[in-house]
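The next block holds one structure in the form of structure tokens; read it before the comments.
Please treat every number below as a calculation from the coordinates, not as lab data. Only a predicted model underlies this, so the values are computations on that prediction, with no experimental measurement involved. Note that each Cβ is placed from the backbone with ideal geometry, even for glycine, and that neighbours are counted across all protein chains shown.
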Amino acid sequence: MAVLPIVEVPDPRLRLVSKPVEQVDDTTRQLVADMIETMYAASGIGLAAIQVGVASRVLVIDLQAEEDADGKPVRDPKAYINPEVVSVSDELSTYNEGCLSIPEQYAEVARPAACRVRWLDEQGGAHEEELDGLLATCMQHEIDHLNGVLFIDHLSRLKRDMVLKKLTKLRKVA
Ligand code: GNR
Ligand code: NI
């Protein structure tokens, strides 16, 4: 396993439309393992393959919502291969979103509160589930990455430019 470097804006790779995985094999599983390790190292709750420079429709999510008796988060990483949104709710929900590819910047994004998603697991098995809450938001954020879309694309131009300007400033002092 390996922690991989995370691609950040304005890297053009973040705008690519990732390709479906043709066959779920050991190469896919190795990518998933590296992505999970990278997600934890960066303290993220999700990661899309393009964020580590691989344009494949693979993402990993672990909300780490549960804690053990010592208050340590319980790890329960899940891989989603070729995920597809089947349907979305009319109801929207707003979260203060962040992105590992747009470090330390956050903004409120409204998205469908629930979505029905279909995907393959690491063994190639098919699943379909109705998601809601933070998982629905995170899933939509990650699937956006597979389509070259970032959370700032859901903001007004003014707010998007503010986020990008703050990031530029932050990088100058860093
Ligand atoms: O770690 C992350 N937190 C987060 C918070 C609210 C909505 C979406 C996310 S995903 C983000 C990690 C990331 O950039 N995934 O692509
Ligand atoms: Ni992101």
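Observations
- Karplus (6.51, -1.76, 1.60) ³J(HN,Hα), θ = phi - 60°, over region 154-160, in Hz, Gly and Pro reported as x: 8, 9, 5, 4, 4, 5, 4
- A cut-off of 5 Å between modelled amide H atoms, ignoring neighbours fewer than 5 places along the same chain, links Ala114 with Ser89.
- Debye-sum result for region 21-174 in log10 I(q)/I(0), which assumes one identical scatterer on each alpha carbon, at q = 0.10, 0.21 Å⁻¹: -0.38, -1.43
- Centroid-to-centroid separation of region 129-174 and region 30-97 [C-alpha atoms, Å]: 14
- Eligible lysines near Lys169 by straight Cα distance, threshold 19 Å, same-chain separation 8 or greater: Lys159
- In this structure, Asp153 and Glu128 have a Cβ-Cβ separation that, at R0 = 22 Å, corresponds to a calculated FRET efficiency of about 0.25.
- For Ile6, residues with placed amide H under 5 Å, excluding near neighbours: none
- Debye log10 I(q)/I(0) for region 13-72, one point scatterer per Cα, at q = 0.15, 0.17, 0.22, 0.30 Å⁻¹: -0.50, -0.61, -0.88, -1.28
- Isotropic mean projected area of the C-alpha convex hull, region 62-121 (nm²): 5.9
- Gyration tensor (alpha-carbon) shape descriptor, region 127-167, a/c threshold 1.5: prolate
- Every helix of 4 or more DSSP H residues in the chain counts as -39500 (n - 2.57), and over all residues that averages to -9000 deg cm²/dmol at 222 nm.
- Packing-based ranking, highest mean first, of 7-20, 49-62 given that Cβ atoms within 10 Å are counted: 49-62, 7-20
- Residues whose amide H falls under 5 Å from that of Glu97, counting only those 5 or more places apart or on a different chain, are Ala107, Glu108, Val109, with hydrogens built in the peptide plane.
- Candidate lysines for bridging to Lys19, where Cα separation is under 25 Å - those fewer than 8 sequence places away on the same chain excluded: Lys78
- Under 15 Å, Cβ to Cβ, from Ile102 - net charge with Lys/Arg +1 and Asp/Glu -1: -1
- Compared with the alpha-carbon gap, the fully stretched path from Arg116 to Asp70 is longer by 13.1 nm at 0.36 nm per residue.
- Across the chain, the relative contact order, built from alpha-carbon pairs under 8 Å that are at least six residues apart, equals 22 percent.
- The mean sequence distance of close C-alpha pairs (under 8 Å, at least 6 residues apart), as a share of the length of region 51-109, puts its relative contact order at 25 percent.
- Inter-label distance, nm, simple model (7 Å from Cα along the C-beta direction), Ser43/Leu170: 1.2
- Working from label points 7 Å from Cα in the Cα-to-Cβ sense, the Tyr106 to Ser93 distance is 1.7 nm.
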